[in-house]
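Please read the structure below before turning to the comments.
Coordinate-derived values only; no laboratory data. All values derive from a computational prediction rather than experimental measurement. Positions of Cβ are backbone-derived with ideal geometry, glycine not excepted, and every protein chain shown enters the neighbour counts.
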Amino acid sequence: MSGRAFTKIETGRLVLRRLCDGDLGAFMAYLNDPLVARYQSWESYTEAQAREVIERQRGVEPGRPGEWFTFAAELKGTGELAGHVALSVKADDPRQAEIGFTFARGRQGRGLAREAAEAVLEYAFGVLGLHRVVAITDCENERSVALLERLGMRREGHFVENIWFKGAWGSEYLYALLRREWLSRRGV
Ligand SMILES: CC(C)(COP(=O)(O)OP(=O)(O)OC[C@H]1O[C@@H](n2cnc3c(N)ncnc32)[C@H](O)[C@@H]1OP(=O)(O)O)[C@@H](O)C(=O)NCCC(=O)NCCS
């Protein structure tokens, strides 16, 4: 793992950086959008809860086992927060991590989530040197499934009614990607 503090990653259209106080409005707006929250662990976020997330990120570095790091995706030019990609290295095995993504409704359908997720995977496998990254999605979350497939992740598991989720049994897919698969995809 890199010993240096994370600063930013630049992609064609985005700057991935730490969440900051100025993100609060945009962050709360998309977290509280029912369409965005539909398949997420939350129903809503109060201002205090959103502030706490932003505050907690100040002291976290990507790759620290057992903690989620949030890569805030800022649109180049406007500086607006479009969404975020989160990465959590497993507490019991720091060579493996889980990835997740959340983008504002108005920023979906433009390839921005893919651009951000690819940059975070590159960071995870390249800078952090991880062996394997997984993602878990509700089977009904078509946009998420489509993105995971576009990223080249492999569907490894289909759990049937494995989770009591927002008042009903939900089913989930497990997706995974190995470092060597990522490198081979990139022609390295
Ligand atoms: C899951 C989520 C991040 C996917 O976002 P997304 O914008 O659909 O994904 P991408 O960034 O890959 O964008 C793909 C779309 O952009 C389009 N697109 C437009 N311009 C593009 C470009 N320059 N490059 C690539 N794709 C482009 C693609 O054609 C595709 O369109 P389609 O959806 O009509 O097929 C988003 O739906 C979301 O935040 N959902 C709510 C939170 C959530 O459920 N997260 C997952 C939890 S497991």
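A cut-off under 14 angstrom between Cβ atoms defines the neighbours of Phe159, and their net charge, with Lys, Arg +1 and Asp, Glu -1, is -4.
Computed as a quarter of the hull surface, the mean projected area of the alpha carbon convex hull for the range 93-188 stands at 6.9 nm². When the chain is treated as a GNM, springs tying every alpha-carbon pair under 10 Å, which of Ala91, Ala168, Ala113 comes out with the largest mean-square fluctuation? So, out of Ala91, Ala168, Ala113, the one fluctuating most is Ala168. The slack in the chain from Lys76 to Leu183, taken as 0.36 nm per residue of separation less the alpha-carbon distance, amounts to 35.8 nm. Across all directions, the average projected area of the convex hull around the alpha carbons of the range 56-141 is 6.5 nm². Place a label point 7 angstrom from the Cα of Leu35 along the Cα-to-Cβ direction, then list the residues of the range 104-144 whose backbone nitrogen is under 14 Å away. Of the residues in the range 104-144, 104-110, 142-144 have backbone N under 14 Å from the label point off Leu35. Using 0.36 nm per residue and subtracting the Cα-Cα separation, the extra length available between Arg150 and Ala168 on full extension is 3.6 nm.
With contributions of -39500 (n - 2.57) from each DSSP H run of at least four residues, the per-residue ellipticity at 222 nm computed over the chain stands at -7500 deg cm²/dmol. Looking at the range 8-185 alone, DSSP beta bridges between its own residues are antiparallel in about 90 percent of cases.
Taking the three principal axes of the alpha carbon atoms in the range 8-185, the coordinate ranges are 40, 38, 32 Å, sorted in descending order. Packing around the peptides 137-146, 47-56, taken as the average count of other Cβ atoms within 10 Å per residue, puts them in this order, highest first: 137-146, 47-56. Note on Gln49 and Phe159: the model spin-label points, each 7 Å out from Cα along the C-beta direction, lie 2.1 nm apart.
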